[in-house]
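Okay, so here's the structure we're looking at.
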Ligand SMILES: O=C(O)CCC(=O)C(=O)O
């Protein structure tokens, strides 16, 4: 675990303005208000009395950056670049939304230090989740009650590994809570939206953990680790499904598959957080066969045939480490379209037992959270003062 510290507070949106409403009768007053409000936002953005700065803006998830001058016209310039978007958040590289703008003229900025000229901000559109940008450095990320190290393993598919997120005791508590409810794992039958099958391609056991059905002290542990991982993902914990715990005995596996598909129950699984709950076994690697390929494949049978159901010699292979959490984004950034680079599988366990858990962040649940708590409530940005990069 990283250094323990107090719970981080989300930034307070301190400035909100309307820039478009004018009527014949109130034209002058409205124009004056607009000017004052725009000046307030501009002052907020450039700091007290500092110069107007130019920043680079890159689409969430990567792409060509373009420059944006943070003067009175930044909103219209930004919306002209992303004409389909109703709301555009601009996030910094620490995973904090520093300013936002909506198509109806609202905008705001976090109470944050002035932006340095030339820094890169990432444009997160509408209801879609923040996607951690790839970085050659290992970043240190504030997850509320700890700081964890986040390593980029691959950009296509987008896979990141957070080290030391759960302690040994927390991993043990998740396993012992799940043990009495373990049942044979299932998968959806191809072409079906609700009919499931047991056995190949997935031969492990599974337990779904519903926090409301648990008792203390396990309940507090589950709440704590789920909150920590949600904060790592910069998403509201309510936008994740119940945790699904997995156990693989020797010879058990999950052949190549994606975590999204045609069924609405899984189509919106934007982000998988895979918890590794132990490492005292051999085999059981997680492999992504499309990593480092120019083009992904889109047929499950061809993927399984070409890569022998699960292999470790090409693509990206992750050897489970207790307490680590693997993040991978199953949908294209700023979109609900499946990313076919995300084929992955759990290779045969050779000896010992492998324990892991899925925690899926789903677009439908993000939407439910927004309905309940407000426009940006599915996001959970944290302050990250003093958090930097390690070499
Ligand atoms: O156990 C693993 O390494 C992967 C699990 C997985 O892909 C899944 O349950 O969907």
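Bear in mind that the values in this text are calculations on the coordinates, not laboratory data. None of the values given here were measured: they were computed from a predicted structure. No Cβ is skipped: glycine too gets one built from the backbone with ideal geometry, and neighbour counts run over all protein chains shown.
The figures follow:
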{"item": "Relative contact order [Cα under 8 Å, 6+ residues apart], segment 244-370, whole percent", "result": "49 percent"}
{"item": "Protection proxy ranking, peptides 345-353, 215-223, average beta carbon neighbours within 10 Å, highest first", "result": "345-353, 215-223"}
{"item": "Base-10 log of normalised Debye intensity for segment 138-373 (one unit scatterer per alpha-carbon) at q = 0.10, 0.15 Å⁻¹", "result": "-0.43, -1.05"}
{"item": "Value in Å of the Kirkwood radius, where segment 265-327 supplies the Cα pairs that are averaged", "result": "13.4 Å"}
{"item": "Mean Cβ count within 10 Å, highest first, over the residues of peptides 138-149, 174-185", "result": "138-149, 174-185"}
{"item": "Protection proxy ranking, peptides 356-367, 117-128, average beta carbon neighbours within 10 Å, highest first", "result": "356-367, 117-128"}
{"item": "C-alpha center-to-center spacing [segment 225-291, segment 130-182] in angstrom", "result": "11 Å"}
